[in-house]
Amino acid sequence: MPAAKHPNAAELLGKSREELRAFAQSLEEPAFRGAQLYHALYAERKFDFAEMTNLPAALRECLAREARITLPEIARRYRSGDATVRYVLRLAGMGTMDKKAKAPERPATIETVFMPEEKRQTICISTQAGCAVDCRFCLTATLGLMRNLTAGEILGQVLVALADNRHALKPQTNIVLMGQGEPLLNYDAVMGALRILLDAEAIGISPKRATLSTSGIVPGIERLAQEKVRPKLAISLNASSDAQRNEVMPINRKYPLEKLLAACRKYPLRPWEKLTFEYVLLGGFNDAPEDARRVARLVNGLRAKVNLIPWNPGDLPYEKPDPARIEEFRRILTYKGVPAFVRYSRGQDVMAACGQLALLEAAAKQPLAQISPAS
Ligand code: SAH
Ligand code: SF4
């Protein structure tokens with residue numbers, strides 16, 4: 001019978017190679033055992049110590065007592081008509097086992113989305129439960145910030161989505177940090193997760209295939225600029241003037257367009273890289289031809305593209321944009337030399353907009369089983 005787990009067993013998911021080396025040493029093992037653990041956990045994606053056959057049997061037994069690997073748990077799974085899978089994931093609150101933890105993580109639910117395509121899959125992950133940024137068009141904002149996710153909880157979403165779809169995986173995986181939360185307000189955990197996700201000796205996602213989206217937290221952008229390993233950067237612009245942006249993104253009062261775009265101009269793009277500006281089109285609010293011309297002026301001189309995202313309706317006082325206006329907006333940007341693309345959210349029939357599932361879960365007003373639950 002396996003020995004009982006120690007109540008203060010260390011959580012390993014999210015630990016870096018160096019942290020696992022130190023952990024091995026704390027068990028009076030040589031440090032290289034930590035590197036082997038790193039390989040088993042992230043490159044081989046083994047979550048059961050008994051299966052880590054690159055480690056000696058005695059160490060595996062010791063780990064079963066002294067350590068744990070906690071993946072987010074699938075609370076609900078919704079399959080959309082376009083094959084998108086949306087997950088409501090339950091986070092156990094890993095830190096609660098560790099009495100020494102300064103701020104034990106409470107249980108929480110978050111969303112993760114798996115989008116299969118012909119030659120790749122894209123996984124959209126959350127970085128916080130809820131969000132404090134308070135954008136007026138975003139349902140996640142109405143949840144408020146419940147808590148930051150740990151590095152393990154952030155990368156665990158990718159592991160769960162890959163494992164749950166293991167029989168239908170395509171050779172390439174893209175990740176986008178566009179689920180719940182503002183990644184640059186949970187900087188250390190997000191970077192901890194990304195270093196493992198983007199490490200060729202760990203999960204091995206190419207930095208060209210990972211995108212972090214921010215509402216424009218300027219100090220976070222400046223910090224990201226210094227990182228050796230970093231994802232691509234997308235900025236949620238969502239307005240064409242300060243007055244307009246103040247109205248829908250109150251964070252603009254703290255980091256107005258001039259400061260935000262100055263940080264973008266200083267951002268060290270790699271030779272293959274472009275900045276992405278996301279622009280949620282709110283019908284009748286920011287989708288006029290004049291807005292498109294202002295956006296073109298704002299991003300003038302930047303190596304950038306604009307993704308136009310028609311607003312995904314939720315229970316908020318905005319309108320979907322008119323298709324003719326969307327096309328006109330795109331045409332003006334392109335004419336002004338700014339590459340622009342229209343991106344429709346996938347999985348519309350399973351509550352596509354950011355935060356919608358969690359909101360339903362929180363309110364539990366509507367029986368979720370009615371929204372095409374998967375097996
Ligand atoms: N907090 C980060 C990342 C998560 S939001 C950010 O704001 O960038 C990811 C993207 O979804 C952002 O570009 C945001 O503007 C957009 N978004 C939020 N609510 C939306 C909605 N209802 N319809 C369409 N896009 C939305
Ligand atoms: Fe937070 Fe992004 Fe939603 Fe704004 S759009 S409230 S930053 S998740």
* **Estimated inter-spin distance, Ala225 and Lys336, nm [label 7 Å along Cα→Cβ]** => 2.3
* Asked: So how tilted is helix 289-298 from the main axis of the chain? Cα-based, degrees 0 to 90, rounded to 10.
  -> 60
* Under a point spin-label approximation (7 Å from Cα along Cα-to-Cβ), what is the Ala243-Ala200 distance to one decimal in nm? -> 5.2
* Relative to the present Cα-Cα distance, how much length would full extension add between Asn8 and Arg265 at 0.36 nm per residue of separation? -> 87.8 nm
* Principal-axis tilt of helix 57-66 within the chain, Cα atoms, nearest 10 degrees -> 60
* Asked: In Å and whole numbers, how far do the C-alpha atoms of segment 153-197 stretch along each principal axis, longest first?
  -> 35, 20, 17
* Structure fact -> Here, Arg343 and Asp164, labelled 7 Å along Cα→Cβ, have an inter-label distance in nm of 2.1
* Structure fact -> Ignoring ligands and nucleic acids, Val190 exposes an accessible area, probe 1.4 Å, in Å² to the nearest 10, of 0
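Provide the FRET efficiency to the nearest 0.05 for the Asp82-Glu44 pair, computing r from the beta carbons and using R0 = 45 Å.
Working: r = 32 Å, r/R0 = 0.71.
Efficiency computed from Cβ-Cβ geometry: 0.90.
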* Asked: How large is the accessible surface per residue of segment 76-228, computed with a 1.4 Å probe and reported in Å² as a whole number?
  -> 40
* Asked: Ignoring ligands, DNA and RNA, what percent of the accessible area of the chain is carbon or sulfur (1.4 Å)?
  -> 52
* Which pairs in the list Lys15/Lys259; Lys170/Lys266; Lys228/Lys305; Lys228/Lys259 are over 32 Å apart, alpha-carbon to alpha-carbon? -> Lys15/Lys259; Lys170/Lys266
* Asked: Protein chains only, probe 1.4 Å: how do Trp272, Trp311 rank by accessible area, largest first?
  -> Trp272, Trp311
* Asked: Ranked by accessible surface with a 1.4 Å probe, highest first, in what order do Phe329, Phe341 come?
  -> Phe341, Phe329
* For Arg253 and Phe32 in one chain, what is 0.36 nm times their gap in residues minus the Cα-Cα distance, to one decimal in nm? -> 74.6 nm
* Asked: How much accessible surface does Arg120 have with a 1.4 Å probe, in Å² rounded to 10?
  -> 90
* Structure fact -> If one compares the long axis through the Cα atoms of helix 257-266 with the longest principal axis of the Cα atoms of the chain, the angle in degrees, nearest 10, works out at 60
* How do Ser26, Ser80, Ser241 stack up against each other in accessible area, from largest to smallest, with a 1.4 angstrom probe? -> Ser26, Ser241, Ser80
* To do: Could you tell me the accessible area of Ile205 in Å² (1.4 Å probe, neighbours in place), rounded to the nearest ten?
  => 10
* How large is ³J(HN,Hα), in whole Hz, for each residue of segment 67-80 in order, when computed from phi with the Karplus curve 6.51 cos²θ - 1.76 cosθ + 1.60 and θ = phi - 60°, using x for Gly and Pro? -> 9, 9, 10, 10, 8, x, 9, 6, 7, 8, 9, 10, 9, 8
* In vacuum, with every alpha carbon of the chain counted as one equal point scatterer, what does the Debye formula give for log10 I(q)/I(0) at q = 0.08, 0.09, 0.14 Å⁻¹? Two decimals, please. => -0.42, -0.54, -1.23
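The values are calculated or read from the model by the stated rules, or taken from the named source; none is laboratory data. Predicted, not measured: the structure shown is a model, and the values here were computed from it. When we count neighbours, we look across all protein chains shown, and the Cβ atoms used for this are built from the backbone with ideal geometry, even at glycine. Ligands, DNA and RNA are excluded from the accessible area calculation, which covers all protein heavy atoms including side chains. Shrake-Rupley method; radii C 1.70, N 1.55, O 1.52, S 1.80 Å.
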